[in-house]
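Before any comments, here is the structure.
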Amino acid sequence: MDTRPIGVFDSGAGGLTVLHECLVTLPHEDFVYLGDGARLPYGPRPLEEIRRFAAEIARFLEGQGVKLVVAACNSATAAALPDLQRALSVPVVGVIQPEALAAVRATRNRRVGLLATEATVASGRYEALIWTLDAGVTVMPVACPKLVPLIEGDDPFGAATVDAVREAAAPLKAAGVDTVVLGCTHYPLIRPILQRVFGRDVTLVFSADETAREVSETLARKAIENDPRREGTYRFLTTGDPVAFREMGSRFLQLPIADVEHVEVARLESVVAA
Ligand code: DGL
């Protein structure tokens, strides 16, 4: 029996899509979620900088006594997953590999679209992973810098979001992809808009449930599960505004959020500097 919590992080609210699946799959585990709202969005930043942020947060969570870290952010996974796995003494689970596998399984015409942040597109991680499974798949990446600020903004389901989705979808629809990877944990939050724009014939792939399954399997493999008869807890930390996080978080998580604790960015930075 291992009573330590599981750490989950993202730049903001996107990782809640992953946390939600983890809470459903592992109701007996405790979770601590950190949203790096002060430095959101990650997408337009250089990979090197995102790698540094991810290292700070993962180290910080390790210092909080977590038994596993979930990088619930495609940009952080793309920039930093191997580094995090090397640097941490606890297992680190990312979100890209499950989506690459699901996309290869889903596509019938072997034309796969990718919607992601600029950083994730620039990393080339999806192509690399998809091509290890099927080098004949054509991957069409589209960077969507407008989407994360819109989703974290005042009107995530408004006309501006629909316009931004239409703009991103246009080249993929023209290219006849039958599968689109939602390569950013924020995007499933606007899934109805995406599915309506792409139509029912296009399969949308995202990794929250697969990631939760991988977390569950990793805990079992390492024999670090908590007592299955208990009900777990979850708590939130943000480098941004706790009130805003709570408001947005409860809308997206659709589960109650009690207190949200503020963490200074300087505290994260000091963990790696120490
Ligand atoms: N949700 C994150 C991702 O999956 C980060 C988005 C951002 O901060 O730009 O890429």
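What the table below lists for this structure:
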item: Some residue of the stretch 224-240 being farther than 30 Å from Phe60 by Cα, crowded, with 19+ Cβ neighbours inside 10 Å and of a type in the set (Val, Ile, Thr); result: no
item: Residue ID - nearest to Glu210 (Cα to Cα), chosen from residues in the stretch 169-190 that are among the aliphatic types (A, V, I, L, M) and more than 14 Å from the ligand (Cβ to nearest atom); result: Val180
item: Filter result (in a loop (DSSP other than H, G, I, E, B), among the hydrophobic types (A, V, I, L, M, F, W, C) and closer than 16 Å to Asp10 by Cα) within the stretch 222-274; result: Val263
item: Meets criteria (farther than 21 Å from Ala128 by Cβ, touching a helix residue (DSSP H, G or I) at 6+ places or on another chain (Cβ under 9 Å) and hydrophobic (A, V, I, L, M, F, W, C)) for Val92; result: no
item: Selected residue (criterion: farthest from the ligand (Cβ to nearest atom)) from residues of the stretch 102-122 that are of a type in the set (D, E, K, R) and more than 21 Å from Leu147 (Cα to Cα); result: Arg108
item: Of residues in the stretch 45-75 being within 14 Å of Pro91 (Cβ to Cβ) and of a type outside the set (Lys, Arg), the one surrounded by the fewest Cβ atoms within 10 Å (Cβ to Cβ); result: Glu62
item: Extreme residue, farthest from Ser216 (Cα to Cα), among residues of the stretch 28-38 that are buried (at least 19 other Cβ atoms within 10 Å of the Cβ) and among the charged types (D, E, K, R); result: Asp36
item: Selection from the stretch 72-99 of residues that are more than 10 Å from the ligand (Cβ to nearest atom), in a helix (DSSP H, G or I) and closer than 15 Å to Ala208 by Cβ; result: Gln97, Pro98, Glu99
item: Extreme residue, surrounded by the fewest Cβ atoms within 10 Å (Cβ to Cβ), among residues of the stretch 186-219 that are farther than 26 Å from Lys173 by Cα and of a type in the set (S, T, N, Q); result: Ser216
item: Within the stretch 13-62, tally of residues that are farther than 17 Å from Ser270 by Cβ, within 11 Å of the ligand (Cβ to nearest atom) and in contact with a helix residue (DSSP H, G or I) (Cβ under 8 Å, 6 or more places away or on another chain); result: 14
item: Enumeration of residues in the stretch 55-64 that are in a loop (DSSP other than H, G, I, E, B) and either of a type in the set (A, V, I, L, M, F, W, C) or closer than 14 Å to Glu29 by Cβ (or both); result: none
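Residue-by-condition table, conditions (1) small (Gly, Ala, Ser); (2) at pLDDT 95 or above; (3) out of contact with any Asp or Glu (no Cβ under 8 Å at 6 or more places or on another chain):
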residue	(1), (2), (3)
Cys22	no, yes, no
Pro27	no, yes, no
Ala38	yes, yes, yes
Glu48	no, yes, yes
Arg51	no, yes, no
Ala80	yes, yes, yes
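The values are calculated or read from the model by the stated rules, or taken from the named source; none is laboratory data. The structure presented is a predicted model; accordingly, all values stated were derived computationally and were not measured. With ideal geometry, Cβ positions are generated from the backbone for all residues, glycine too; neighbour counts draw on all protein chains shown.
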